[in-house]
1. Can you give me the number of residues within segment B:46-66 that are of a type in the set (Lys, Arg) and free of Cβ contacts under 8 Å to residues at least 24 places away in the same chain?
2. If you take the residues of segment B:130-173 that are under 19 Å from the mean Cα position of the chain (by Cα) and of a type in the set (Val, Ile, Thr), which of them is nearest to B:Leu278 (Cα to Cα)?
3. Are any of the residues in segment B:204-213 touching an Asp or Glu at 6+ places or on another chain (Cβ under 6 Å), within 14 Å of another protein chain (Cβ to nearest Cβ) and modelled with pLDDT under 85?
4. Can you tell me how many residues within segment A:274-298 are open to solvent by 30 Å² or more (accessible area, probe 1.4 Å), more than 7 Å from chain B (Cβ to nearest Cβ) and touching a Leu at 6+ places or on another chain (Cβ under 7 Å)?
5. (1) farther than 30 Å from B:Gln72 by Cβ; (2) aromatic (Phe, Trp, Tyr); (3) away from every other protein chain (no Cβ under 11 Å): which one isn't true of B:Tyr143, the others all being true?
6. Starting from segment B:377-404, keep only residues that are closer than 12 Å to B:Thr32 by Cβ and away from chain C (no Cβ under 14 Å), then list their pairs with residues that are of a type in the set (S, T, N, Q) and part of a helix (DSSP H, G or I) whose Cβ atoms are within a distance under 7 Å, requiring at least 6 positions of separation or different chains.
7. Any residue at all in segment A:188-205 that is of a type outside the set (Phe, Trp, Tyr), open to solvent by 20 Å² or more (accessible area, probe 1.4 Å) and not in a helix (DSSP H, G or I)?
8. If the requirement is being surrounded by fewer than 24 Cβ atoms within 10 Å (Cβ to Cβ) and of a type outside the set (Asp, Glu), which of these qualifies: B:Ala71, B:Ala137, B:Ala108?
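The values are calculated or read from the model by the stated rules, or taken from the named source; none is laboratory data. In this text the structure is predicted, and so the values were computed from the model without any measurement. Don't worry about glycine lacking a Cβ; one is built from the backbone with ideal geometry, like all the others, and counts go over all protein chains shown. The protein model used for the area step is the full one, side chains on, heavy atoms only, and it has no ligands, DNA or RNA in it. Shrake-Rupley method; radii C 1.70, N 1.55, O 1.52, S 1.80 Å.
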Amino acid sequence: MMQVLILFIQILVLFAIVMLHVAYATYFERKIIGHMQVRMGPMRVGYHGLLQPIADGIKSFFKEDIIPEQADKAAFRAAPIICLVAMMTSLAVLPFAKGWVLADINIGLLFIFAMSSLASYGVILAGWASNSKFTFLGGMRSMAQVISYEIAMGLSLVGVMMLSGTLNLTEIVEAQGTSFTGMYIFPQILAFFVFCIAMLAETNRVPFDLPEAETELVSGYCTEYSGMRYAIFFMAEYIGMMVMAAIGTICFLGGWNGPFVIPFFPPFWLILKIYVFMFFFIWIRATLPRYRYDQLMELGWKLLIPLALANIVLTGIIKAFTS
Amino acid sequence: MTRPVTKTLEIPVADGERNPYSLKMGPQHPATHGVLRVDLELDGETILKCTPHVGYLHRGFDKIAENRTYAQTLILTDRLDYIGAMANNVGYCVAVEQLLGFSVPERAKYIRTMVCEMSRICSHLLWLATHALDIGAMTVFLYCFREREILLDLFEELCGARLTFSYPRIGGVRQDVTRKFIDELQRVIHLFPGRIEEYETLIDTNRIWLKRTVGIGKLSGDKALALGLTGPCLRGSGVDYDIRKHRPYDAYDQMDFEVPLGSDGDIYARYRCRMEELRQSLRILQQCVDMLPPGPVLDKDAPDLVMPLHKNTKGGEADSTSYGTGIIKFMEEQGIYPAGDIYVSTEAPKGELGFYFISDGSARAYRMHIRSPSFIHISALPTIAQGELIADLIANIGSLDVVIGECDR
Amino acid sequence: MESMEIAGRLQAQFPDQVLDICSFHGQVGVLIQRQQVVDMLRWLRDTPGMQMNHLMDLCGVDNAKKDEPTLQRFEVVYNLYSVPERHSLRIRAQIPEEDPCIDSISSLWAGADWHERECFDLMGISFNGHENMKRILLPEDWQGHPLRKEYPLKGREEWSGMEELLHKVETLQQFGFNDAQNQDNEKT
Amino acid sequence: MFTQIFFCYCAVMIIGTGLLAITMRNPVHSVLMVLVLFFHMAGLYLTLQAEFLAAVQIIVYAGAILVLYLFVLFLVSLREEVLIERYVDSAWIGRIFAGGLAVALIGILPTFILGEKGNWPLARVQEVTHTKAMGQEMYTTFILPFEIAGLILLVAVIGGLVLAKRNAADPALQTDEREIQK
């Protein structure tokens, strides 16, 4: 009983911390993108706009919740929740440092894949349930995109699985050793490249933000959403970014290992690396135009998947010869 | 015995080829540049048929112009292409001067050429900004606005307005340029080439940008001409038609500049054309500054085209109509207004901006027709967009550079 | 080639169609009858030496208040330009009041499509052979053609669509919609 | 104790959502019910220490196959109500058949017996993890059936490609024809 209570408290703490990070990830993004675009970003609420995310949260919480008359109400309500829950659940298996993990399961990597594929249901349902043409097109795009890029992403991580011989995220980090040179980014540079692109597509970020391409589909699948429900989609997107960044860190950048150990706060390096990834996300958003739908598919199926497959074969050959 | 097996929510889907998926884009849509509505018939995301609808901003300028004096109509032209309003003002004034046979002092000609090119840069910058945003490149948008701001400040220094200028007058310009304006302009001319390179670094060699623009929205030169496209859209298809060269007005015959031509007629070619035009405009600006002759800026013989006042400044009740008509009567008696018709067009940033006037000898135009480039460019949209994807339609609308205020008039 | 010369050659080619040639500030206008307008414009476009391949402008004119009795009630004015030869010409096709229509030239210039629709919309001249002769700038249920001289500057009545809208607003106000906004409006 | 409750919950949910999936009138809702069903199937696998299967169940079935179902549902127009003739005229005949089948199933239940323990007792599976155990078996003992299955799927993929290619060519032809008609 005690164990369950402790677990419950742990879950709550993780939830609170992640939500805070999500809120400030939006601030982080707006500030960085602002400075990249010769403007200031949020400045008004608090010192240099520091309280802006909180104000935004309160605002969207109290906004009117509009449900279109012709919508499928149940699915419309469920969609953002599915997104958020799927993304939050995948946090459970992420090791933030040795032992700092809610559920240290053997199939951590697969579990995260499973959850991220579930999150796409939220988007699809949102697109369908709104009963609007723009959202529907957004949902369709998202469906095709998620199916295609999940394959590329899964295949890109197979190399890591082969090198480490496990699907447990903690063990993957440990298999890379503590030294800088042990990181899988060096032997798996091809896989890392594929992963980075697929990661952007999985999280619907520029240049693959087609499901919500605002100049084409107004706002894609979330066109009809407002207030808190819209904010939930937003949160899910940012948690998704963080989860993807965490996987990239764990599988390729040596997880929580750093040049030296930080006492009392072992996850320091992991979080730092996650934010480097986040910066990468934002930087790309500020730089690149958007792909077109068919070009996105072409890139996924004709470039990334073959590349990932080649990487698997290469890794297999090298592993067979070295062992 | 039968019974319904499914009873569903209406799912908006394409029902084979009998009933294509129809999508109404606009009039409120982020990428239709104002209140343009485009009705699409889609097969998946491929456009089977595209029907633009305009008129949401129709204000009846043609009709208003028939009931106002020539000077009064000038302020309407600000509201055509409000992104580069100065070019419309100049276009209108050039047309009226030719109709009424006024001459313009040399200095005014140079100033007008100058402001024309400035508004061309303004317009092209805004075009680049929104076009890039349509394709998804967000940063270029803000960079362009940073530079546009400098130019708007310059305009403010020149005439006090930032958007609707009404600065040129029939027979010249309203007031002379200041020393400060010239100095600032000089600075801008030196600053801009670097900034243009900055945009090009961001998008010109970008793989995604090239994928989105090269080979999309192709038009051959003949087809573009038949569709009535003008300006950079026509020159992108390789047709050498620039009114500044073909029928020079103001001081353009004194200027040494090149007309950039594309060859492919796709979105990328139009983009390249406009980028080169930015550079050529800077060249013209430099020449204007260097060659600016001294002298008056408003023709002495030009009639004092005072606008009728709404309130009599000397106190008492307003009698605007009789005051206005008084002047007009006087001028009609002087025989300033010849009877006849004339079509004069100028090279506005978006393309050929033409004014067709019929004068019957009174102070008001008997008939005025504005040939606005945006109107014709939108009408070419179905031809360009057919068979392409939704995303390309957005890019095409952007690359045609339409302003609804000008289209609907 | 001088515009006058082109006009002369056009008259030689279509002697019974050309009514008059007039010149104003160096621009030449040719008054023609409406019957063979497509042939004439095609001749101007395709003849070597003419190559008037750019239709600059097309608009309708109402001559009701002009005191020139030789003119018909309506005119359609075509402003042509030759991009390779750099010369221009204006064609003014006369259209009688009782039958305001003329052949469409959208088969010659695809760009004439919207010009003609605009002319129909505002002037009420219809174009035979045009595929889509509908209003373009005004609402589809608009009455009358505003650019005709007898059309008043202020419309005779409110457009029916606008009245519908006003009515809708009134009904909504009964249920308390839009009240706050109205108060704001009253203040300003 | 906990495992039993969890099993009961999963079983009830599977039956319940299964029933809902076939009775719901909106096909998209039905698919969602199947999604929930797959979830609980994965839960059942977990009670059997088969975590790899559980994850694959969600990734493959929920993440890919059901999404494809949704795709098809969206693409096929269901705007008009689909009317299907009843296969058997009287409802009672159907109910009798169903009842009979249910009785037969329940009657057979006691004859189920647990299989032999074999090479992979529970302790060993837990030790090397289910993923490894499965991989080992699949690529050694069952390599031939595995490859045959792979070959069959490959044939299916190629067949699908060929069919799709032909279908893709058709609409293009149709649009061309339509243009010509204009």
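1. We begin by selecting, within segment B:46-66, every residue of a type in the set (Lys, Arg); these are B:49, B:59, B:63.
Still in the list and also free of Cβ contacts under 8 Å to residues at least 24 places away in the same chain: B:63.
Total meeting the criteria: 1.
2. B:Thr130
3. To start, the set of residues in segment B:204-213 that are touching an Asp or Glu at 6+ places or on another chain (Cβ under 6 Å) comprises none.
The answer is no; no qualifying residue exists.
4. Residues in segment A:274-298 being open to solvent by 30 Å² or more (accessible area, probe 1.4 Å), more than 7 Å from chain B (Cβ to nearest Cβ) and touching a Leu at 6+ places or on another chain (Cβ under 7 Å): 0 in total.
5. Of (1) farther than 30 Å from B:Gln72 by Cβ; (2) aromatic (Phe, Trp, Tyr); (3) away from every other protein chain (no Cβ under 11 Å), only one is false for B:Tyr143: (3).
6. If the second residue must be of a type in the set (S, T, N, Q) and part of a helix (DSSP H, G or I), the pairs left are B:Ile394/A:Thr215; B:Gly398/B:Thr130; B:Val403/B:Ser374.
7. Initially, segment A:188-205 is screened for residues of a type outside the set (Phe, Trp, Tyr), giving A:188-191, A:194, A:196-205.
With the extra rule that they be open to solvent by 20 Å² or more (accessible area, probe 1.4 Å), the set shrinks to A:189-190, A:197, A:202.
Okay, now just the ones that are also not in a helix (DSSP H, G or I), so none.
There is no residue in segment A:188-205 that is of a type outside the set (Phe, Trp, Tyr), open to solvent by 20 Å² or more (accessible area, probe 1.4 Å) and not in a helix (DSSP H, G or I).
8. Values: B:Ala137 fails: surrounded by fewer than 24 Cβ atoms within 10 Å (Cβ to Cβ); B:Ala108 fails: surrounded by fewer than 24 Cβ atoms within 10 Å (Cβ to Cβ).
When all the criteria are applied, what remains is B:Ala71.
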